[in-house]
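A short worksheet on the structure shown next.
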Amino acid sequence: MTPVARTKRTGEAGGGRPEQIGELGRYAGPATLILSSLADGPKHGYVLTKDIESFSGVRLAPGTLYEALSRLEGQGLIEAVKSDDRRRPYRLTAAGATVLRSHLAAQRRVADLGLRRLAGSWGPA
Amino acid sequence: MNLDRDEALRRSERLLRWYPKEWRSRYGEEFAELLIADICEQPRSWRRNADVAQSGLVARLTGIGLSGHALEPSDQARTSLATLGCAMAVFLVFGVAMWAQLTIGWQWSEPDATATSAGMIAMSAAVLVFFALAVVAVVPIGWTALARLARHRGAGLVRPSLLFLGGLTILIVGGRHFGNGWPGTGGHPWAHQGLVPGGVAAFTWASTLSVSSYWAHPGSLLSFPAAEVAWMAISPLAMICLVVGAAKTIRRLDLSARILHFEAALGVLAAFDMLAFLAGCSSWIIYGDAGPQNLFHVGAIDVAGLVLMVLALAVAYRAVHRARVGLNLLAR
């Protein structure tokens, strides 16, 4: 699972739109994966699972996926797309894109720092 | 192993039962499609089943306002307060059953052990506070419900209100009927010699008669008068009607933020009162003795009741916390 910073447990407090994915508490990991998967267009549950598995190696179990989807939808970070199919697709909202962008930038800063320090102490990869 | 779609559909329907109705009506169809695909790919996956069960339980906890999942703030407060009411009802059914047993005992003879006497005094004081809090809590809710019904704007309130009133009436009438028939109370010359008036002791004893270890001893149970056995079966149903009616009324009633704050404050007081009652009850169960004529004997059902009360207190604490979270969000 992608390591995700946990800033505070406002996800636990519930309500309102989170400004950081870390605020989603234990759903931060699945939330990052789902938002990243939806970043290039709407997808329904099965395609989301396959896409996430292909780019992260993590297979989200159905219960976990829908628990995270319902939270993200409740917080306005994603929305359901109208569909005649029983498999309803979801897409990223503008708020979701902002939160994801800020989260990934923070992740990149942590990754860059870690790699620099590793290279300094242990030599380049 | 390849499964046909019908078998996968059957399995997905079974798994969906973990989720509450509201969740199923929103996500059921699409979730079933995902489950069918997953079941066809991995027919025997205990991890998937465990994951669905866990998520379903979280969804159920969310539905009763106990999980960290965000509901709309006003919904969160109302739902959590309704759950608090249910937790308190469970607590009171078992707590009052134990207390009634002790108060009846005290009608005949004072306990020997200080721990039992002190525990009884603490429990009696807590019951009195519970009663006062319940009366104060019901007034604004009842008033709001009546106002809605009077303005013909309480379409969804009629059935739960009737359920509540029906359950309450059956409990009061039945409790008084069977309480009056209990020897040693209700007009008996020894009434009122205990810690609490004999009539009160008998009424609470009769109202909670169903909480009895006799259920585990059918032979002994059948030696009871048929009317008492029937009451032991009917009174829990009346209690359930009362609690469900009250909880549904609270959930459907559009209470003002001021009333919600007031009810949440009462909920905090009630949680402390539950703690005081538990302390008294524990004092009797842990340190008390059987007393004269075995009147204050601690049975397995009392220990089981204590465990259930601790669980109910934990749920009540969580519900109070979640109600306050909803109210804080409402105030923003």
Residues satisfying the stated conditions in the range B:251-265, i.e. surrounded by 18 or more Cβ atoms within 10 Å (Cβ to Cβ) and closer than 25 Å to residue B:95 by Cα: B:263, B:264
Qualifying positions in the range B:20-35 - open to solvent by less than 20 Å² (accessible area, probe 1.4 Å) and facing another protein chain (nearest Cβ under 9 Å): B:27, B:30, B:31, B:32, B:34, B:35
Condition broken by residue B:112, with the remaining ones in (1) in a helix (DSSP H, G or I); (2) in contact with a helix residue (DSSP H, G or I) (Cβ under 7 Å, 6 or more places away or on another chain); (3) acidic (Asp, Glu) satisfied: (1)
Residues of the range B:240-250 classified as within 15 Å of residue B:169 (Cβ to Cβ) and either open to solvent by less than 40 Å² (accessible area, probe 1.4 Å) or outside the structural domain of residue B:170 (by TED's automatic domain parsing) (or both), total: 4
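Of all residues being open to solvent by 20 Å² or more (accessible area, probe 1.4 Å) and in contact (Cβ under 8 Å) with a residue 40 or more places away in the chain in the range A:77-94, which is farthest from the other protein chains (Cβ to nearest Cβ)? Just the residue, please.
Only one residue tops the list, namely A:92.
Restricting to the range B:278-332, give me the number of residues that are assigned to a helix (DSSP H, G or I), away from chain A (no Cβ under 14 Å) and open to solvent by 20 Å² or more (accessible area, probe 1.4 Å).
Looking only at that region, the number is 22.
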Among (1) assigned to a helix (DSSP H, G or I); (2) more than 15 Å from residue A:60 (Cα to Cα); (3) touching a helix residue (DSSP H, G or I) at 6+ places or on another chain (Cβ under 9 Å), the one test that residue B:55 misses: (2)
Condition met for residue B:227 (surrounded by fewer than 17 Cβ atoms within 10 Å (Cβ to Cβ) and farther than 30 Å from residue B:140 by Cβ): yes
Residues (in contact with a Phe, Trp or Tyr (Cβ under 6 Å, 6 or more places away or on another chain) and surrounded by 13 or more Cβ atoms within 10 Å (Cβ to Cβ)) located in the range B:212-224: B:221
Residue within the range B:71-92 that is facing another protein chain (nearest Cβ under 8 Å), in contact (Cβ under 8 Å) with a residue 40 or more places away in the chain and over 23 Å from the mean Cα position of the chain (by Cα) present: yes
Any hit, the range B:261-276, residues being outside any loop (DSSP other than H, G, I, E, B), among the hydrophobic types (A, V, I, L, M, F, W, C) and at pLDDT below 90: no
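Residue-wise test of (1) at pLDDT 90 or above; (2) open to solvent by less than 70 Å² (accessible area, probe 1.4 Å).
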residue: B:125; (1), (2): yes, yes
residue: B:129; (1), (2): yes, yes
residue: B:155; (1), (2): no, no
residue: B:162; (1), (2): yes, no
residue: B:170; (1), (2): yes, no
residue: B:173; (1), (2): yes, no
residue: B:183; (1), (2): no, no
residue: B:187; (1), (2): no, no
Looking only at the range A:58-76, and only at residues there that are of a type in the set (D, E, K, R) and within 9 Å of another protein chain (Cβ to nearest Cβ), the one that is surrounded by the fewest Cβ atoms within 10 Å (Cβ to Cβ): A:71
Residue count, the range B:40-70 (criterion: open to solvent by less than 30 Å² (accessible area, probe 1.4 Å), more than 9 Å from every other protein chain (Cβ to nearest Cβ) and over 25 Å from residue B:312 (Cβ atoms)): 1
Members of the range A:32-53 found to be under 19 Å from residue B:48 (Cβ atoms), more than 9 Å from chain B (Cβ to nearest Cβ) and out of contact with any Ser or Thr (no Cβ under 8 Å at 6 or more places or on another chain), listed by number: A:34, A:47, A:50, A:53
Matching residues, the range B:30-70, being over 22 Å from the mean Cα position of the chain (by Cα) and basic (Lys, Arg): B:44, B:47, B:48
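Yes or no, residue by residue, for (1) at pLDDT 90 or above; (2) in contact with a Leu (Cβ under 9 Å, 6 or more places away or on another chain); (3) hydroxyl-bearing (Ser, Thr, Tyr):
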{"position": "A:59", "(1), (2), (3)": "yes, no, no"}
{"position": "A:87", "(1), (2), (3)": "no, yes, no"}
{"position": "A:92", "(1), (2), (3)": "yes, yes, no"}
{"position": "A:114", "(1), (2), (3)": "yes, no, no"}
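The values are calculated or read from the model by the stated rules, or taken from the named source; none is laboratory data. Everything quoted here is computed from the prediction, not taken from an experiment. Neighbour counts are summed over all protein chains in view; Cβ atoms, including those assigned to glycine, are modelled from backbone coordinates with ideal geometry. Side chains included, ligands, DNA and RNA excluded: accessible areas come from the protein's heavy atoms. Shrake-Rupley method; radii C 1.70, N 1.55, O 1.52, S 1.80 Å.
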